[in-house]
Amino acid sequence: MIDAPPIPDLGFALRLVDSVQDHPQKARDEAEVLTARQDLEPETAAVAWWAFGFASRQLNDLATADQALRRGIDIATGAGLTQRVGQIRSSHALVLLYRGDSQGALEEAEKAMVGLSGVDRARNEMQIGLILQRLGHLDEALVRYRSALIGLRRADDRLVEARLLSNRGVLHGYRGELDLGISDLVMARSIAEDLGQGLIVAVCAQNLGFLEGRRGDVPAALAWFDRAEAAYEALGRPPGMTEVLWANRGELLLTAGLYTEAEEAVGAAIAGLEKTENKTDLSETRLLAAEVALAARRPEEALKAAAAASSEFTEQARHAWHLLAEYAALRARFESQTSTGATASEAARLAEELAAIGLFSESQHCRLLAGRIAMRDGALEDARRQLRTASGARRRGTALDRAKAWHAEALLRQAEGNRTGSTRAIEAGFKAIRDHRLTLGAADLRSHAAAHGLDLAVLAIEQGVASGSPWQVLKAVESWRAASSQVASVRPPSDAELTSLLSELRRISAEIREAAMTGGRTQPLVLQEARIETQIKALSRRLRGSGHARATSPTNREDIIDRLGDRRLISYFRYLGDIHAVTVHRGSIGLERLVDAERTSDEVSSLLFSLTRLAHGAGSPRALEAASVNVDQSLEQLRKWLLDPFTSDGEEITVVPTAALHRLPWPALDPGRILTVVPSLESWVVATSTIARLKANPTAALVAGPDLPGAVQEVSRIARLYQKHRRRTGRNATADLVLRDIEGSDVAHLAAHGTFRFDNPSFSSLQMHDGPLTVYDFEQIKAPPAVMVLSSCDTAVTKVVAGDELLGLSSALIGIGVSSLVAPVVPIDDEAATDLMVALHRGLIGGDSTPVALAKAIFREDSDDDAGKALRSSFVVFGA
C-alpha cells in the first residue's frame, strides 16, 4: 500500500508568501500547484491564492494577479477569516494601482484596514502610503509612512521596513529632499542585504540611481543603474522591473544631454511596458517620452506624447502626474510654431499647483516659463514677479537647477533695464553648467552637457546683438562652447578593468580581421566586440572628473588682442538661421551676418562629396571632370562667403568654426593664407600658452600602421629628418608600444588607417598591428607631444554636438593637450601624401610654426591631377 502524499499545511503556504520578494517565479510555480489541490483547508487555500497572486504581481502578470487575489479574498471571506481578507486585500490594492485603477486601489487598501491589526496593519499602512505616493499626494504619503514605520519597527519586521524605506526614499527625491532620500535607500539596501533579499537590493540600487541622477551626480547614478541591471539579470530579468529601469536610465541620459540614447531607452521601456498591464509605469514613461521630444526640439511630437500621458493620468485619477503632463504640454506649446501658444497666466497657475503638492523644482522651472511668456507678451510687471520667484534657487539645488535660476535672474535684470547685471547672471549660469561638466569623467558626457546652456546662449547672443557690441557677442558664443580646455583631467584607461577591456577589444578586433580575410565566421566575434564596447562605455561614464578646469590664461579683450598680434581671429556662430562671425584684428572687433546656414551646409556637403570622388578616382572621366569643376566652384563660393569679407592675402587666420563648418578643409579655401582651426577661443589660448615652435633637435615618435600602402616608406623618410626618434612598423607597431613612444615625445607622426565612429565617436581609432588604438587609449597619455600628425583618412572627422562641442579622434587629442594637430578632414590617397608629409616635417624642424609648415608643404605640392587636388584640399591644422 502506497501512502498518500501529505496535505500541505498553512505554514508551507505562508512560507511561499514570504519567498515571493526574493524568488517570485519559484514561489508562483509552487503556489500554482498548491491552488490546484481540492483537499486544502480554507485558510491554506486562501493563502495559496494569495501567494500565487502576489508572485504574479511581482512578475508583472497583473491580470492573473487580479484574478488570483480576488479568489483568495472570496475564500477567506467565506470562511470568516477577517485577518486573511485584510492581508490579501492589501496586496490586491497594489495590483489595482498598477492596472490604472488608482481610486479603486486606495479604497481596497482602506477596506483592508478593517480586518488588520498589529504588524499587518502597519504593512497595509505602508501600502496606502505607496498608493498615495503614486497618486502624487506626497505629504499624505509621508504621514502614512511615518505611522507604518513605528509599527514595523515595534514588530521587528525588517523585510517590510526595507520596502518602506525604499519607497520613501523615492518620495523624498520627488520632494527635492535628496539627502534624506539617499539615507533611506542606503538603510533599506543594508537591511535587504542582511536578509538576503536580492530583489529589494536591486530595487534599492535602481532607486539610488534615480536619486543620484536628480542630484546631478551622473557617474554615481550610472554606477547604481549598472548594479541594478546586473542584479535583475541574475534574478532572471523580472518582467516590468527591467523596463522601469530602462525608463529611469533614459531620464538620466536626458539630463546628461544624450538625447538619442535617452530616446532609445525610453522607447524600449514603452515597448516592454505595453506588453504588460502596468498602466501606472507606462503612463509615466509616456510622459518621459514627451520630455525627450522637448529636449530634442520636437515640440509637436512632445505635445502629442504629453496629451496622451495627461489623458491616462486623468483616467487613473493621478492629479499630480496630470499636472506634470500639463507642464510638458505647456512647454511644447511655447516652443511650437504651429500650436496654440501658451499663456503666462496658465504657467503661473500651474507653478502654484506644482508647489502646493511639493514639486518645488518643477514649480520653479514653471515660473521661469511664465516669466518668459510674460516678457514675450510685453507684460513686464507679471514677468518680474514670476522671474523673481524663479531666480530664488540660484544658489541651491543641482547645478542644472541653479543654471535655470540664473537664467531667470538674467531675464529679470534684463526686464529691469540692468544689462550689465543680466550679462553677469548669464555668466553665472554658464559657470553652473561648467561646474556640472567638471564632475564628468567621460568625454561624451561632458560634451553633451553643454546642451543645458542653449537657452542661456541664445539670450546672451540676443543681448550682445541688441547692444551692438561684437565683444559681448564673442563672449556669449565662446562662453557656451564646450571646449577641450574646459574638461576635467581624467584618463579613463587608468582604471585597471577598463585597461583590460581595451586590450580585449583589440584582441577581438584582430580576430575579426583575420576571420574576414580567411573566410571564417565573424558574427559571434562581432557580437562579442559589441558587448565589450558597451562595457567600456559604461565604465568610462562612471569615472568622475577632477572637479576643476585646466588653468588657462585670462581671456579678456586686451589679452586676446595681445596674443593675436597681426593674426586675425574669426569666430563663426549660427543665429536665427544664418552664419554670423565676430572678427578680432589689430585691436578692432567686428560683427557680420554672412550667409544662410543651410545653404552653407549644402555647399560644404557638395565640396566634400566631390573631393572624396577625386581622391578615390571613382566614376567616369566625365564625372571626375565635373567633380573637379565643382571643387573649384565650391571652394570659391565658400571663400567669398566666409573669408573674403574679412581678410587680405598673406594674412594669418585663426578660425573657430560652427556646425557644418567643422567639416570644411579650411586651408583649401585660399592656399595663400596661413590658417589654423580651433574648437574654441579658450582652447586656442591654452594651445598658444604651450607652444610657439618645436625646440631644437626634437624627439619624434613615428608609427606606420598595417595594411596602409606607403606608410612604412613615409615613416622611413621622415625618420631621416630627426636625429632622435623612435620608429614603430610592422609587428612592433602595437598599441601599448605606440602609446609608450608618444608619451613625452615632442612630435608624433602616425601613418595608420583611421576609422571614425559616428555612432560612438570615442571608439574612433587608428589601426595598429594588434588592433584599434581608440580615443579611450589616447586619453591615458599624461605628457602629450606638442605637435601630432595623422596622415591617413578619417582621422580629423568629428561629430558636432550641442555647444559646438566636438567628438572624435582629433578633438580628443586637442583635449589631452596636443597643442598643434595636422590631420585630413576628407579621404586622401595615402601613398600620394608622403611627399607632402616629408615637406611638412622639414618645415617643422626648420623652425616654422605648424600652419606655416603645412602651407609651405601644400604650396610645394604641384600635382594637377585629381588626386593631387584632393590632397591639397584635405589637411587642416588644429590648435596652435
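The values are calculated or read from the model by the stated rules, or taken from the named source; none is laboratory data. This structure is a prediction, so every number in the text was calculated from the model and none was measured. With ideal geometry, Cβ positions are generated from the backbone for all residues, glycine too; neighbour counts draw on all protein chains shown. SASA here: full protein model, heavy atoms, side chains in, ligands and nucleic acids out. Shrake-Rupley method; radii C 1.70, N 1.55, O 1.52, S 1.80 Å.
For the reader, a short list of remarks on this structure follows.
Per-residue answers, yes or no, for (1) touching a strand residue (DSSP E or B) at 6+ places or on another chain (Cβ under 8 Å); (2) open to solvent by less than 70 Å² (accessible area, probe 1.4 Å); (3) modelled with pLDDT of 85 or more:
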position: Leu505; (1), (2), (3): yes, yes, yes
position: Arg521; (1), (2), (3): no, no, no
position: Arg531; (1), (2), (3): no, no, yes
position: Arg550; (1), (2), (3): no, no, no
position: His585; (1), (2), (3): yes, yes, yes
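- Residue pairs whose Cβ atoms lie under 6 Å apart, separated by 6 or more positions or on different chains, with the first residue in region 595-614 and open to solvent by 40 Å² or more (accessible area, probe 1.4 Å) and the second assigned to a strand (DSSP E or B), are Asp596/Asp578.
- Residue check, His749 surrounded by fewer than 24 Cβ atoms within 10 Å (Cβ to Cβ), touching a helix residue (DSSP H, G or I) at 6+ places or on another chain (Cβ under 8 Å) and not polar (S, T, N, Q): no
- Test: Gly257 is modelled with pLDDT under 95, within 29 Å of Leu445 (Cβ to Cβ) and not in a helix (DSSP H, G or I): yes
- Restricting attention to region 813-867 and to residues that are closer than 19 Å to Thr774 by Cα and in a helix (DSSP H, G or I), the residue that is modelled with the highest pLDDT turns out to be Leu813.
- Some residue of region 48-68 being more than 16 Å from Ala31 (Cβ to Cβ) and charged (D, E, K, R): no
- Residues of region 183-218 that are more than 19 Å from Glu229 (Cβ to Cβ), at pLDDT below 95 and hydrophobic (A, V, I, L, M, F, W, C): Leu195 alone.
- Counted as qualifying within region 541-644 are the strands (runs of 3 or more DSSP E) with 3 or more residues that are in contact with a Pro (Cβ under 7 Å, 6 or more places away or on another chain), namely 588-596.
- Among the residues making up region 622-640, those that are buried (at least 17 other Cβ atoms within 10 Å of the Cβ), in contact with a Ser or Thr (Cβ under 9 Å, 6 or more places away or on another chain) and either closer than 14 Å to Glu603 by Cα or free of Cβ contacts under 8 Å to residues at least 12 places away in the same chain (or both) are Ala627, Asn630, Val631, Ser634, Leu635, Leu638.
- Every listed requirement among (1) under 20 Å from the mean Cα position of the chain (by Cα); (2) modelled with pLDDT of 75 or more; (3) among the β-branched types (Val, Ile, Thr) is met by Val490 save one, (2).
- Comparison of Gly100, Gly115, Gly169 shows that the only residue that is modelled with pLDDT of 95 or more and buried (at least 19 other Cβ atoms within 10 Å of the Cβ) is Gly169.
- Residue match in region 277-300 (condition: farther than 25 Å from Asp444 by Cα, out of contact with any helix residue (DSSP H, G or I) (no Cβ under 6 Å at 6 or more places or on another chain) and open to solvent by less than 50 Å² (accessible area, probe 1.4 Å)): yes
- Residues that are assigned to a helix (DSSP H, G or I), out of contact with any Lys or Arg (no Cβ under 7 Å at 6 or more places or on another chain) and open to solvent by 50 Å² or more (accessible area, probe 1.4 Å), drawn from region 35-74: Pro42, Gln67, Arg70, Arg71, Asp74
- Near pairs, Cβ below 6 angstrom, 6+ apart or cross-chain, from region 92-110 (of a type in the set (Ser, Thr, Tyr)) to any residue that is assigned to a helix (DSSP H, G or I): Tyr98/Leu62; Tyr98/Thr280; Ser102/Leu135
- When residues in region 366-398 are screened for being of a type in the set (D, E, K, R), part of a helix (DSSP H, G or I) and without any contact (Cβ under 8 Å) to a residue 40 or more places away in the chain, 7 of them pass.
- Counted residues, region 342-356 - those being within 30 Å of the chain's Cα centre (by Cα) and either farther than 20 Å from Ala295 by Cβ or modelled with pLDDT of 90 or more (or both): 5
- Filtered by the rule that a residue be open to solvent by less than 50 Å² (accessible area, probe 1.4 Å) and more than 27 Å from the chain's Cα centre (by Cα), region 172-188 gives Asp184, Ala188.
- Taken together, the criteria exclude Val95 from residues that are in a helix (DSSP H, G or I) and open to solvent by 10 Å² or more (accessible area, probe 1.4 Å).
- Some residue of region 411-426 being surrounded by 20 or more Cβ atoms within 10 Å (Cβ to Cβ) and within 22 Å of the chain's Cα centre (by Cα): no
- Residue in region 739-750 that is in contact (Cβ under 8 Å) with a residue 12 or more places away in the chain and under 21 Å from Ala530 (Cα atoms) present: no
- Candidates Leu790, Leu739, Leu766, filtered to the one that is of a type in the set (A, V, I, L, M), within 19 Å of Arg506 (Cα to Cα) and either in contact with a strand residue (DSSP E or B) (Cβ under 7 Å, 6 or more places away or on another chain) or buried (at least 23 other Cβ atoms within 10 Å of the Cβ) (or both): Leu766
- Of all residues in region 228-250 being surrounded by 23 or more Cβ atoms within 10 Å (Cβ to Cβ) and among the charged types (D, E, K, R), the one that is nearest to Arg437 (Cα to Cα): Arg249
- Within region 69-83, the only residue that satisfies the criterion of being within 49 Å of the chain's Cα centre (by Cα) and either closer than 16 Å to Val114 by Cβ or polar (S, T, N, Q) (or both) is Ile73.
- Note on region 336-384: among residues that are of a type in the set (A, V, I, L, M, F, W, C) and open to solvent by 40 Å² or more (accessible area, probe 1.4 Å), the one that is nearest to Arg394 (Cα to Cα) is Phe360.
- Filter result (open to solvent by 40 Å² or more (accessible area, probe 1.4 Å) and either farther than 20 Å from Arg153 by Cα or not hydroxyl-bearing (Ser, Thr, Tyr) (or both)) within region 189-206: Arg189, Glu193, Asp194, Leu195, Gly196
Table: residues versus (1) at pLDDT below 85; (2) of a type in the set (Val, Ile, Thr); (3) in contact with a strand residue (DSSP E or B) (Cβ under 8 Å, 6 or more places away or on another chain); (4) open to solvent by 10 Å² or more (accessible area, probe 1.4 Å).
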site: Pro645; (1), (2), (3), (4): no, no, yes, yes
site: Ala659; (1), (2), (3), (4): yes, no, yes, yes
site: Gly672; (1), (2), (3), (4): yes, no, no, yes
site: Pro679; (1), (2), (3), (4): yes, no, yes, yes
site: Glu682; (1), (2), (3), (4): yes, no, no, yes
site: Ile691; (1), (2), (3), (4): yes, yes, yes, yes
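- Of all residue pairs spaced 6 or more apart or on separate chains, those with beta-carbon atoms under 9 Å, a first member in region 766-780 that is over 14 Å from Ser503 (Cβ atoms) and touching a residue at least 60 places away in the same chain (Cβ under 8 Å) and a second member that is open to solvent by 10 Å² or more (accessible area, probe 1.4 Å) and among the β-branched types (Val, Ile, Thr) are Leu766/Thr755; Gln767/Thr755; Glu779/Val490; Glu779/Ile816.
- Within region 251-262, considering residues that are open to solvent by 10 Å² or more (accessible area, probe 1.4 Å) and more than 19 Å from Glu229 (Cβ to Cβ), the one nearest to the chain's Cα centre (by Cα): Tyr259
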